[in-house]
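Report on the following structure.
Only the coordinates and a few stated rules stand behind these numbers; no lab work does. The structure presented is a predicted model; accordingly, all values stated were derived computationally and were not measured. Here Cβ is always computed from backbone atoms with ideal geometry, including for glycine, and neighbour counts include all displayed protein chains.
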Amino acid sequence: MTDSARSRLACLAALLCVALGGAADGDALVAPSVDDQGRARPSLTLRASPPFAFAPARISFTGEIRGGPDDEEQLYCPAVVWDWGDDTTSESQADCEPFEKGRSRIRRFYAIEHEFETEGRYLVRLKLLQRNRPVLSASIEIVVN
């Protein structure tokens, strides 16, 4: 196979992954998991900006729910728990209307900032809970020098 053919094949694979809703994970492309009916299952991704900083560091975090229906009852109005990896947490719970199939919409983005006072490697976790049970979670490691 020529270099040109390899390049076209890699490009086609990347486009296919994006079209199917896959996400880049480092340098590897990851296809989404699907349910019994071929729909993408919901997943939670977490991003940090910046992922590296100098202490004291104020870092912005964004969690995003990808896949799944917009009226997924299990993901409607969850408790949101941020574990900062520095022995502190932040929790919130929205005051939502009762769930109605086909009408209620899930929230897909969660954003917050946190200040890290000292240097270190921190594993930050975002958990979405229903009735004190996790339904989705994601984590990211950040470095503060």
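The C-alpha atoms of the stretch 34-144 occupy a region whose extents along the principal axes are 46, 31, 19 Å, arranged from largest to smallest.
The simple spin-label model puts a point 7 Å past each Cα toward its Cβ; for Thr62 and Ala111 those points are separated by 0.7 nm.
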